[in-house]
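What follows draws every value from the coordinates through simple rules; no lab data is involved. All figures in this text were calculated on a predicted structure; none of them were measured in a lab. Counting neighbours? That spans all protein chains shown, and the Cβs are built from the backbone with ideal geometry, glycine included.
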Amino acid sequence: MNRILIVDDEEKLRHILQLMLERQGFETAQAANGEEALQLIKKYNFGMVITDLKMPVMDGMTLLREIKKIDPDYPVIVLTAFGSIESAADAMEEGALYYFTKPFDEEKIINKVKRYMRISDLLEEQLIHREELSASFNFSNIVAESQQMLSVLQPAAHVAQSPQTTVLILGESGTGKELLARVIHHNSTRSGKRFMAINCAAIPHTLIESELFGHEKGAFTGADKQKMGKFELGHGGTIFLDEIGDLSMEAQPKVLRFLQEREFERVGGNETLKSDVRVICATNKALEEQVEKGTFRQDLFYRINVFPLTLPPLRERGNDIILLGAHFLQRFCQAMGKPNPQIDEAAKRILKKYAWPGNVRELENAIERAVILSKDGSITPETLRFLAAAPGTIPAGEQQFPLPEEGMNLEDMEREIVRQSLRRAQNNQTAAAKLLGLTRGKFRSLLKQLKETEQ
């Protein structure tokens, strides 16, 4: 806010301050005493008040106290005669931002005002950004109407209000696990603090401990200075451990200890540090299977599996596919300046018949590509031709899985359904597995089993 209120019973001094400040681009208003100033403050918004202390009707100290009743953080600079330093000290105790003695140094006042107003503008921008961010991550803004998604969002909204609870988000790649983690964070009491995402699969095993917990200078080759880790930097906020199933066996006991004790040491250090963070984990892997194989600690699994949430694959979300497609279409058309964001009925049928092995991420990419191919932003079968050649497309007019022929035994039925899924997915085993709601490993195991019975 660029407007400053000048309060002094000397008109000449008010005029000098007005010229000084307006030369620097500030707007000003004037009041001859504290009572006049208080009426203006209640009526208009000012970025700062500069007031003399000794004035008739209402002096500067009384004005300062009344302003602080309105807003304890309201910035007030006081002016005082050279012999009244004690009064200036009292004003500082009452919450004044700064004081200057008369005759004042113009450059010092201007520097102090400009510095504070610059900081104030940055804080205001940060507040606006935070409010916009919180609004965008509101549960009500998530594009979903399917029961499959609502059954996840409702418990997620509850756990958001429990800021210490560890959350485990499960689901296929591209289903929106990080988005849900951010929504939980921004709807919790930790929303004003950091959300720090770490992809456990993207960081080399030799560096993951340093990334999470930091290191001391000289801890290893190349550690030329002390470094704080994410758990330390994220104090008060949320740590999101994505792809937790890929966390190295060496790092797993340290994460377990942190979750149990909320304490850790930097790599190469002996000092025990503490941090208050909520941990949200995510994976597209079956952690129970990894526990059985010995690649994931059972005690760590139980520690992160406090409040599990499983995001459904896009193919199971029904009309959400069209709602999400329309959402992405609106955004891309606006960015590309295309005037006609709409999906025609034939294109909707194509979108709903496609298996979406890459889930929401793949849908977003497909809509962006279709908008680029479209002249005006309308999505038609023509702009979606690339999907027809992609694994997972179901030919129009065909049932997804026609019933097997009468008289088939259970084994023959399984074999026929597997064949159908492979045909629909153009022999892509990953896409075929997703059509059947199976993991790729389980699908391959079933395929192998059926092949063995044919021999």
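Loop by DSSP (not H, G, I, E, B), at most 12 other beta-carbon atoms within 10 Å: where is the longest site-free stretch of the chain for trypsin sites (Lys or Arg not before Pro)?
1-216
Would you mind getting me the FRET efficiency between residue 361 and residue 10? Use the beta-carbon distance for r and R0 = 45 Å, nearest 0.05.
That gives a FRET efficiency of 0.10.
Would you mind finding the longest exposed-site-free stretch of the chain, with exposed chymotrypsin sites (Phe, Trp or Tyr not before Pro) meaning DSSP loop and at most 13 other Cβ atoms within 10 Å?
In the chain, the maximal stretch lacking such sites is 221-455.
May I ask you to list the residues of segment 218-256 whose amide nitrogen lies under 18 Å from a point 7 Å from Cα along the Cα→beta-carbon direction of residue 164?
235-239, 256
With each pseudo-label sitting 7 Å past Cα toward Cβ, what's the residue 316-residue 334 distance in nm, one decimal?
Once both label points are built, they end up 3.2 nm from each other.
Take residue 142 and residue 423, extend 7 Å from each Cα along the Cα→Cβ direction, and tell me the distance between the two endpoints in nm.
3.8 nm
How many angstrom separate the Cα center of segment 342-375 from the Cα center of segment 1-46?
58 Å
Under 5 Å between amide H atoms, partner at least 5 residues away or on a different chain: which partners does residue 223 have, H built in plane at 1.01 Å?
Long-range HN contacts for residue 223: 218.
If amide H atoms are built 1.01 Å from N in the plane of the peptide, which residues on other chains or at least 5 residues away come under 5 Å of the amide H of residue 343?
379
Tell me, what HN-Hα J-couplings in whole Hz come from the Karplus equation 6.51 cos²θ - 1.76 cosθ + 1.60 at θ = phi - 60° for each residue of segment 242-251, using x for Gly and Pro?
Listing the rounded values in order: 7, 6, 4, x, 9, 5, 5, 4, 6, 7 Hz.
PRE reach from residue 86 (point 7 Å along Cα→Cβ): which of segment 17-54 fall under 18 Å by backbone N?
53-54
So who's got an amide H within less than 5 Å of the one on residue 195, skipping anything under 5 residues away but keeping other chains? H placed 1.01 Å off N, in plane.
When sequence neighbours closer than 5 places are left aside, the close amide H contacts are 238.
Return the percentage of antiparallel bridges among DSSP beta bridges fully within segment 140-312, rounded to the nearest 5 %.
The antiparallel proportion sits near 20 percent.
Could you tell me the calculated FRET efficiency between residue 233 and residue 114, based on Cβ-Cβ distance and R0 = 30 angstrom, to the nearest 0.05?
For R0 = 30 Å, the calculated efficiency reads 0.45.
In percent, how large is the relative contact order of the chain, given Cα pairs closer than 8 Å and 6 or more residues apart?
Rounded, it is 11 percent for the chain.
For labels at residue 226 and residue 39 in the simple 7 Å Cα→Cβ model, what's the distance in nm?
5.8 nm
Among 367, 96, 197, flag the residue with its Cα farthest along the positive direction of the charge dipole of the chain, charges on Cβ as +1 for Lys/Arg and -1 for Asp/Glu.
Toward the positive end, the furthest listed residue is 367.
Just the projected area, averaged over all directions, of the convex hull on the alpha carbon atoms of segment 140-312: how many nm²?
Directional mean of the projected Cα hull area for segment 140-312 stands at 10.1 nm².
Let me have the 222 nm mean residue ellipticity of the chain computed from DSSP H runs of 4+ only, each contributing -39500 (n - 2.57), with the sum over all residues rounded to the nearest 500.
Taking each H run of at least 4 residues, the total per residue is -14500 deg cm²/dmol.
Across segment 138-145, in residue order, what do the Karplus-derived ³J(HN,Hα) couplings come to in whole Hz, using 6.51 cos²θ - 1.76 cosθ + 1.60 with θ = phi - 60° and x for Gly and Pro?
So the Karplus estimates, Gly and Pro as x, are 6, 4, 5, 8, 6, 6, 6, 9 Hz.
What size of dipole, in debye to the nearest 20, comes out for the chain about its Cα centre when the only charges are +1 on Lys and Arg C-beta atoms and -1 on Asp and Glu C-beta atoms?
The dipole of the chain has a size of about 1140 debye.
Of all DSSP beta bridges located in the chain, what percent are antiparallel, nearest 5?
10 percent
Explain nothing, just the number: dipole magnitude of segment 166-229 about its Cα centre with +1 on each Lys and Arg Cβ and -1 on each Asp and Glu Cβ, in debye rounded to the nearest 20.
Magnitude of the dipole: close to 320 debye.
GluC sites (Glu not before Pro), restricted to segment 271-344: which are DSSP loop and have at most 15 other Cβ atoms within 10 Å?
Hits after loop and neighbour filter: 271.
Over the Cα atoms of the chain, how large are the radius of gyration and the largest Cα-Cα distance (Dmax), in Å?
Cα radius of gyration and Dmax of the chain are 31.7, 108 Å respectively.
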